[in-house]
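The values are calculated or read from the model by the stated rules, or taken from the named source; none is laboratory data. It should be emphasised that the depicted structure is a prediction, and the values quoted were computed from it without experimental measurement. Cβ coordinates were reconstructed from backbone atoms using ideal geometry, including for glycine residues, and neighbour counts include every protein chain displayed.
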Amino acid sequence: MGKIILTGDRPTGKLHIGHYVGSLRERVALQNQGGFDKIFVMLADVQALTDNAENPQKIRDNIIEVALDYLAAGIDPAKTNIFIQSMIPELTELTVYYMNLVTVSRVQRNPTVKTEIKMRNFEKNIPVGFFVYPISQAADITAFRATHVPVGEDQEPMIEQCREIVRRFNMIYGETLVEPEIILPKNHACLRLPGLDGKAKMSKSLGNCIFLSDEPEDIRKKIMSMYTDQNHLRVEDPGETENNPVFIYLDAFCKDEYFKEFLPEYNNLEELKAHYRRGGLGDVKVKKFLNNVMQTVLQPIRERRKEWEQRKPEVYDILKHGCEVARAEAQKTLHDVRKAMKINYFE
Ligand code: TRP
């Protein structure tokens, strides 16, 4: 049966460092470990349109932006198949079949959908397509017989719902579909990176992001104006590292070797944190260190992105080829699904 990865992102904006530590870095590592038979990464334009019906140009523009971010972050088209959701009509067909296996109240219980409905003020007028996107996401995953789905923590309810659909389908129509597993980042700080302003989530709509494509000076400015421990007023004061975004970013990005290079008075992050908690360590010094760390991490990504920006026709070729490979795969699954559902009339 093999080990297969399917994952993706909505192309609604450029990717930021929250996407990077939440899932993208993990996908690149999994790709390079070589333990998987097939890897699919999907630009989820159909899903993006569920709450952007009146903004088609935005989605179209961001297909190439997110594809560039993928390539910049190290997704290698020789190992990973990148494709566009809307180019695979089998996914839509599968969604329709799955809709019969899910109740309205089950979709209403999905905590991520609940939060998103609130965030978008959709309470009174949810587009039907948006409401059922978890069902279409189950189609995305199962069409490729994915065994593993590396995503951010907010996607956990989607994977759970997908597993329920798989079990119900297999129970009614016979063993056909594969139940996927989620892969979450092991580092706790990476599960949900807070925004620069300390808000719970880094998000383009909140304007509190560092983007993978940001220039060095923008990164520096953003970091130097970050929220820290609001009670740490004077350098001598003891500070809190727990809910302090500067330290959470260090938890997500810092390696011991960066201390040798940029802050040799300390051996590791634990020593730096202990000093901050004791008092006597100023925010500016910590932020300058974080800036050095982030510049080191983001420089190669930004440079690779600039190279790919010069080769956009090639990027579109990669996507086109990816769509062909992905479609052939989904067609095989749909063949089995139709047979299991006894709607393969002319076979
Ligand atoms: N919901 C994901 C996001 O918000 C995108 C997505 C669509 C996805 N289909 C998927 C992720 C299937 C993993 C698997 O970015």
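Going by the structure shown, is V128 of a type in the set (V, I, T) and within 14 Å of the ligand (Cβ to nearest atom)? If you could, list the steps in order and put the result at the bottom.
Values: of a type in the set (V, I, T): yes; within 14 Å of the ligand (Cβ to nearest atom): no.
Here the answer is no, as V128 does not meet what is asked.
When you check I210 against the structure, is it surrounded by 20 or more Cβ atoms within 10 Å (Cβ to Cβ), more than 15 Å from the ligand (Cβ to nearest atom) and in the same structural domain as I301 (by TED's automatic domain parsing), yes or no?
Working: surrounded by 20 or more Cβ atoms within 10 Å (Cβ to Cβ): yes; more than 15 Å from the ligand (Cβ to nearest atom): yes; in the same structural domain as I301 (by TED's automatic domain parsing): no.
Against the criterion (surrounded by 20 or more Cβ atoms within 10 Å (Cβ to Cβ), more than 15 Å from the ligand (Cβ to nearest atom) and in the same structural domain as I301 (by TED's automatic domain parsing)), I210 does not qualify.
Take V102 and decide whether it is farther than 24 Å from R311 by Cβ, part of a loop (DSSP other than H, G, I, E, B), assigned by TED's automatic domain parsing to the domain that holds T176 and away from the ligand (no atom under 12 Å from the Cβ).
Details: farther than 24 Å from R311 by Cβ: yes; part of a loop (DSSP other than H, G, I, E, B): yes; assigned by TED's automatic domain parsing to the domain that holds T176: yes; away from the ligand (no atom under 12 Å from the Cβ): yes.
So V102 fits the description; yes.
With more than 17 Å from the chain's Cα centre (by Cα), over 13 Å from Q137 (Cα atoms) and either assigned to a loop (DSSP other than H, G, I, E, B) or modelled with pLDDT of 95 or more (or both) as the only criterion, which of D76, D61, D69 stands out?
On the way: D76 fails: more than 17 Å from the chain's Cα centre (by Cα); D69 fails: more than 17 Å from the chain's Cα centre (by Cα).
D61 is the lone residue from the list that is more than 17 Å from the chain's Cα centre (by Cα), over 13 Å from Q137 (Cα atoms) and either assigned to a loop (DSSP other than H, G, I, E, B) or modelled with pLDDT of 95 or more (or both).
Return the only residue of A189, A143 being in contact (Cβ under 8 Å) with a residue 60 or more places away in the chain, in contact with an Asp or Glu (Cβ under 7 Å, 6 or more places away or on another chain) and surrounded by fewer than 22 Cβ atoms within 10 Å (Cβ to Cβ). Outline the logic, then answer.
Working: A143 fails: surrounded by fewer than 22 Cβ atoms within 10 Å (Cβ to Cβ).
Going through A189, A143 in turn, the sole match is A189.
Give the residue, chosen from V113, V149, V107, that is within 13 Å of the ligand (Cβ to nearest atom), modelled with pLDDT under 95 and among the β-branched types (V, I, T).
Result: V113 is the single residue among V113, V149, V107 that is within 13 Å of the ligand (Cβ to nearest atom), modelled with pLDDT under 95 and among the β-branched types (V, I, T).
Restricting the search to the stretch 184-231, which residues are among the aromatic types (F, W, Y) and more than 18 Å from G152 (Cβ to Cβ)?
So the first thing to find is which residues in the stretch 184-231 are among the aromatic types (F, W, Y), and the list is 211, 227.
Listed by number, the list holds a single entry, Y227.
If you take the residues of the stretch 167-184 that are within 15 Å of Y97 (Cα to Cα) and crowded, with 21+ Cβ neighbours inside 10 Å, which of them is farthest from the ligand (Cβ to nearest atom)?
The extreme case among them is F169.
Determine which single condition K3 fails, assuming it passes every other condition in (1) under 20 Å from E156 (Cα atoms); (2) surrounded by fewer than 20 Cβ atoms within 10 Å (Cβ to Cβ); (3) under 12 Å from the mean Cα position of the chain (by Cα).
Evaluating K3 over (1) under 20 Å from E156 (Cα atoms); (2) surrounded by fewer than 20 Cβ atoms within 10 Å (Cβ to Cβ); (3) under 12 Å from the mean Cα position of the chain (by Cα) leaves (3) as the failure.
When you scan the stretch 188-284 for helices (runs of 4 or more DSSP H) that lie fully inside it, which ones turn up with 1 or more residues that are at pLDDT below 95, under 28 Å from R304 (Cα atoms) and among the hydroxyl-bearing types (S, T, Y)?
In the stretch 188-284, no matching helices (runs of 4 or more DSSP H) lie anywhere.
If you take the residues of the stretch 79-99 that are in a loop (DSSP other than H, G, I, E, B) and among the β-branched types (V, I, T), which of them is surrounded by the fewest Cβ atoms within 10 Å (Cβ to Cβ)? Walk me through how you get there before you give the answer.
From the stretch 79-99, those in a loop (DSSP other than H, G, I, E, B) are 79-80, 88; that's our starting set.
Cutting the leftovers down to among the β-branched types (V, I, T) gives us 80, 88.
Working: T80: 23, I88: 25.
If we take residues in the stretch 79-99 being in a loop (DSSP other than H, G, I, E, B) and among the β-branched types (V, I, T), then T80 is surrounded by the fewest Cβ atoms within 10 Å (Cβ to Cβ).
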